Amino acid sequence: MKEESVFITGGGSGMGQLAARQFAEQGYQVAAIDVNEKGLLETAAGYQNIRTFQTDVTDYQAVLDAVEETENRLGPIKRVYNAAAIMPLGKIVDQDADVFRRVMDINYNGVVNVTKATLPRLLERNSGDLINFASIAGWLPTIYMAAYDASKFAVVAFTEVLYHEHRDSNINVVCVCPPPVKTPLLQQARDTVWPKVFDSGDHIEASDVLAAIEASITAGELFAFPGKSTRSIWRMRRWFPNLLWKQVHKAEGI
């Protein structure tokens, strides 16, 4: 069993759950963080080295406490996965202001809280990896996705600055920007509004996202774009934004 630990938010489902199990199988002590107690129990089932924390990432003190307990009981944190997120969709006029605040609080402020709680320890040891989950939606705004897009745009900007502030350290900072992934997060879109643009391409597997993260760490790259066409979409957004918007309007019929 390895002496280092891995700290994973959103550990009760999807990519966080898969990452927790993969690292546990590699012999790491894993701290799985989520508000979803049932999901956490499913994540840890059969794994002696996954410790669960029913913790809300929007509560900075609770995050600090979880980090402290992780380091004291599981060992120094080697890697941080900021994967916690929600994705209720809808037109701006139809969504309550509280929804916008909640999405930003979890998807962005949660990343800030966990980064602030873990980064000083990584810097003190001058070692470790910090992975923030954004999305191609952090580059490509889409109808029905204003709240989610804004939160992921914020994660992209925050992580890019973080990377450049510490580029001379031995800390690997990665901002992963996947397209739609086959995880329970997509069900939140189905439960609210399903953008037709989601049907225009293949949805990738969570394992593809985790593999892209490893490749970016190995290459020393800030951004990871999992999926065959994701980087092309990113380039299109930079150079031909109006063309992409035409495609969105055509798909949505708006």
To test your reading of the geometry: what angle, between 0 and 90 degrees and rounded to tens, separates the Cα axis of helix 14-25 from the longest principal axis of the chain? 30 degrees
May I ask for the percentage of alpha-carbon pairs in region 173-254 that lie more than 14 Å from each other? 69 percent
Distance between region 113-163 and region 18-56 - C-alpha centres, whole angstrom: 22 Å
Taking Cα atoms only, helix 230-239 is inclined relative to the longest principal axis of the chain by an angle, in degrees rounded to 10, of 50 degrees
Taking the mean number of other Cβ atoms within 10 Å as a proxy for protection, how do you rank 150-158, 11-19 from highest to lowest? 11-19, 150-158
If you consider only alpha-carbon coordinates, what radius of gyration and Dmax does region 25-90 have, in Å? 12.7, 43
Given Cα pairs under 8 Å that are at least 6 residues apart, what percent is the relative contact order of region 29-70? 39 percent
Can you tell me the orientation of helix 110-125 relative to the chain, as the angle in degrees between its alpha-carbon axis and the longest Cα principal axis, to the nearest 10? 40 degrees
Output the peptides 23-30, 238-245 sorted from most to least packed, where packing is the average of other Cβ atoms within 10 Å over each peptide's residues. 23-30, 238-245
Sorted peptide list for 166-179, 46-59, 133-146, criterion being average Cβ within 10 angstrom, highest first: 133-146, 166-179, 46-59
Lysine pairs in region 5-252 with Cα distance under 28 Å, only those 8 or more apart or on different chains: how many are there? 27
What does the helix-only formula give at 222 nm for the chain: each DSSP H stretch with n ≥ 4 adding -39500 (n - 2.57), the total divided by the residues, and the result rounded to the nearest 500 deg cm²/dmol? -15000 deg cm²/dmol
Contact order relative to length of the chain, as percent, for alpha carbon pairs under 8 angstrom and 6 or more apart: 17 percent
Restricting things to alpha carbons, tell me how big region 5-252 is in terms of Rg and Dmax, in Å. 17.5, 54
Reported to two decimal places, what Rg/Rh ratio describes region 105-254 when computed on Cα atoms with Rh from the Kirkwood expression? 0.99
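Read the figures in this text as sums done on the coordinates, not as results from a lab. Just so you know, these numbers come straight off a predicted model, no measurement behind them. Neighbour counts run over all protein chains shown; Cβ positions are idealised from the backbone, glycine included.
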